[in-house]
1. Which one of these is within 16 Å of the ligand (Cβ to nearest atom) and in contact with a strand residue (DSSP E or B) (Cβ under 6 Å, 6 or more places away or on another chain): 170, 217, 185, 207?
2. Please verify whether the stretch 11-18 includes one or more residues that are surrounded by fewer than 16 Cβ atoms within 10 Å (Cβ to Cβ), within 16 Å of the ligand (Cβ to nearest atom) and either over 17 Å from the mean Cα position of the chain (by Cα) or within 22 Å of residue 205 (Cα to Cα) (or both).
3. Of all residues in the stretch 91-116, count the ones that are near the ligand (Cβ under 9 Å from one of its atoms) and modelled with pLDDT of 95 or more.
4. Test residue 223 against the stated conditions and say whether it is farther than 26 Å from residue 118 by Cβ, modelled with pLDDT of 95 or more, buried (at least 19 other Cβ atoms within 10 Å of the Cβ) and within 18 Å of the chain's Cα centre (by Cα).
5. Within the stretch 246-261, which residues are within 19 Å of the chain's Cα centre (by Cα), over 10 Å from residue 208 (Cα atoms) and part of a helix (DSSP H, G or I)?
6. Within the stretch 81-88, does at least one residue satisfy the condition of being surrounded by fewer than 20 Cβ atoms within 10 Å (Cβ to Cβ) and within 16 Å of the ligand (Cβ to nearest atom)?
7. Taking strands (runs of 3 or more DSSP E) that fall entirely within the stretch 109-209, which contain at least 3 residues that are without any contact (Cβ under 8 Å) to a residue 60 or more places away in the chain and surrounded by fewer than 16 Cβ atoms within 10 Å (Cβ to Cβ)?
8. Check residue 179 against each of (1) within 16 Å of the ligand (Cβ to nearest atom); (2) in contact with a strand residue (DSSP E or B) (Cβ under 6 Å, 6 or more places away or on another chain); (3) under 18 Å from residue 78 (Cα atoms) and name the one condition it does not meet.
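The values are calculated or read from the model by the stated rules, or taken from the named source; none is laboratory data. No experiment lies behind these values; they were computed from the predicted model shown. Here the Cβ positions follow ideal geometry from the backbone for every residue, glycine too, while neighbour counts run over all protein chains shown.
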Ligand code: PLP
């Protein structure tokens, strides 16, 4: 069997931890061949985001054409999307080329706390891209903005908000619970056949930069390799937990370090 062909649609991180870097490292480590379309160039490191430059539409379109006209893409991970026009452009290509698996990480805030996308951009992602995604992977603050509600404060709150997230139109929702305080980092998954808790001990590390990108990319890279989506999602969570456990060994940067792939 040939390796899975994976496409990352994302922004950059010159310090190597998040966005495109995390996507490529993750999918490569999981055996995929990785391609990449950039939506924005960022100046950032483990301490924070300094500059964000969204790329012109024509350049994003040219990159999408270059990849899709030449390469048979099996799975796509969509990360940072800054505005409505970019969301529509991505949708146009997904509808034209119909890759089998689409995972959308609705990115709004970096782990450093810096805003990456404003509310309008985020709502464009909600209205244009989520309905065509197979899997979405919001964290709790992102889920709250998606539904215009308060940030969940407990596992019960997470269960209560899950149907609303499902109604946004993706087939599967992975609601990441790592934002809650406590000894565990449990995620709640909604699939067409029910809800599943994915339980994990909290990894004691500050190195969470890019962890959202890592989980979403791992799910995208693994979906073509598993019989059911929930198996791929469980395997992706295991991969991310291992990458976080190894993160502190990297000793990269003075802020929130990256995961080790
Ligand atoms: N995309 C880009 C370009 C980023 O810089 C970040 C965070 O810094 C993200 C996505 C989302 O990051 P995380 O995986 O930490 O949620």
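1. Within the list 170, 217, 185, 207, the selection yields 217.
2. Checked against the condition, which is being surrounded by fewer than 16 Cβ atoms within 10 Å (Cβ to Cβ), within 16 Å of the ligand (Cβ to nearest atom) and either over 17 Å from the mean Cα position of the chain (by Cα) or within 22 Å of residue 205 (Cα to Cα) (or both), the stretch 11-18 yields at least one hit.
3. Filtering the stretch 91-116 down to residues near the ligand (Cβ under 9 Å from one of its atoms) leaves 105, 107-112, 114, 116.
Within this subset, residues satisfying the condition of being modelled with pLDDT of 95 or more are 105.
Result for the stretch 91-116: 1.
4. yes
5. none
6. Yes, the stretch 81-88 has at least one match.
7. Answer list for the stretch 109-209: 194-198.
8. Residue 179 satisfies every listed condition except (3).
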